[in-house]
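Okay, so here's the structure we're looking at.
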Amino acid sequence: MKILITGGTGLLGRSLCTKLLQAGHDPIVLSRDAAAARGRLPSGVQLIQWQPGAERVPLAALEGVEAVINLAGENIGVGRWTASRKQLIMQSRVGITRALVEGFQGLSKPPRVFISGSAIGYYGPCGDEELTEASSPGNDFLAKVCRAWEQEANRAGELGVRVVTIRTGIVLSREGGTLPRMVTPFRLFIGGPLGSGRQWVSWIHIADAIGIIKLALEHTTVAGPLNLTAPRPVRMEEFASVLGRVLKRPSSLRVPAWVLKMALGEMAALLLTGQRVLPARALQEGYQFRYPELAGALEDLLISSRHERKG
């Protein structure tokens, strides 16, 4: 299958390209810097230069494409959320998604499926409430970003395209993202929970995140929102405890909420509030999680990788 990907050099995109190649697919990555992207992607991935500020994706890049996976978006975890930063976060997601859908409109045969990024931030802070794909959206900044992002993607449905919006939780990977940043203080014996520790962490091992995306790609019954989270979210204090146990390090040095708020401003809400999100739709479709429990996921990523390096 010929598959066009945006955000292909990101954490999910790189792993996805590798798995798609292994499965015999033909991934094509749109990149603003194709030369730099070449060094970050496996051989066999086709690269097309495209500046996201352009109104439409070039039709030549879309011709014959059977699926589009849209993972592009400005990193929300870098820099304080100033007014200009918020605008960039919103526009980077909505603008690229709009350009893709408008590109579909110029095709005689649009792609069969459009898998477009979103995040569990869609639900907003919800305390202990269990959230599924049927839950209502929140009203904070990230929820508004996700709602606008999904709304733009869903326009492709008017063209007969099957649309799936993947609401991604915290992706755990040894290659980047949140986990390496969390591990560092633990290795220095200064690790512990953030804030109260009572907030929920909806995590997923990268292998399962890719597995669910492949499910969405291959199962024609999957449409609409799809949570990319493990079936057992944990509270922050449990996450810290399990991480400390896996690393054989203490996990008792709590980081006060006020410290995070002073350092990060509004962005501290990412770390201090959370959502208890369940992958109801993936389970309904029969997806079998390789890492349903946090301990197994962290052991695979932190212990297995260490053994591999020694070997």
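Some points to look at:
- Relative contact order [Cα under 8 Å, 6+ residues apart], the chain, whole percent: 17
- In terms of other Cβ atoms within 10 Å, L247, L12 run from fewest to most in the order L247, L12.
- Across the stretch 1-64, Cα pairs under 8 Å and at least six residues apart give a relative contact order of 32 percent.
- Inter-centroid distance (Cα atoms) of the stretch 129-146 relative to the stretch 249-300, Å: 16
- Coarse-grained scattering of the stretch 1-130 at q = 0.13, 0.22 Å⁻¹, given as base-10 log I(q)/I(0) from a Debye sum over alpha-carbon atoms: -0.57, -1.36
- Size descriptors for the stretch 174-281 (Cα atoms only): Rg and Dmax, in that order, 15.8, 48 Å.
- Beyond 25 Å in Cα-Cα separation lie the following of the pairs K109/K214; K86/K261; K144/K261; K2/K109; K144/K214: K144/K214.
- Angle between the chain longest axis and helix 206-218 axis [Cα atoms, degrees, rounded to 10]: 30
- Measuring between their Cα centroids, the stretch 205-238 and the stretch 5-49 lie 21 Å from each other.
- The chain: angle of helix 11-22 to the longest principal axis, Cα-based, in degrees nearest 10: 60
- Pairwise Cα distances in the stretch 70-151 exceed 22 Å for 34 percent of all pairs.
- Degrees separating the helix 141-154 axis from the principal Cα axis of the chain, which is the longest one: 30
- Antiparallel %, DSSP beta bridges [both residues in the chain], to 5: 5
- Hydrodynamic analysis of the stretch 234-298 uses the Kirkwood radius over alpha carbon pairs. Inserted into Stokes-Einstein at 20 °C and 1.002 mPa s, it gives a translational diffusion coefficient of 150 µm²/s.
- Using distinct alpha-carbon pairs, which all enter the 1/r mean, Kirkwood radius of the stretch 200-261 in Å: 14.2
- Evaluated on the stretch 105-222, the Kirkwood hydrodynamic radius is 16.6 Å, with distances taken between all distinct Cα atoms.
- Note on R112, R167, R187, R155: ascending count of other Cβ atoms within 10 Å places them as R187, R112, R155, R167, the fewest first.
- One way to sum up the overall shape of the chain is the equivalent ellipsoid from its Cα gyration tensor, whose semi-axes run 32, 22, 19 Å, largest first.
- Computed over the stretch 127-186, the ratio Rg/Rh where both radii use C-alpha atoms and Rh is Kirkwood: 1.09
Every read-out reported here was derived from the displayed coordinates using simple, explicitly stated rules and does not represent laboratory data. What you are looking at is a predicted structure, and each value in this text was computed from that prediction instead of being measured. When we count neighbours, we look across all protein chains shown, and the Cβ atoms used for this are built from the backbone with ideal geometry, even at glycine.
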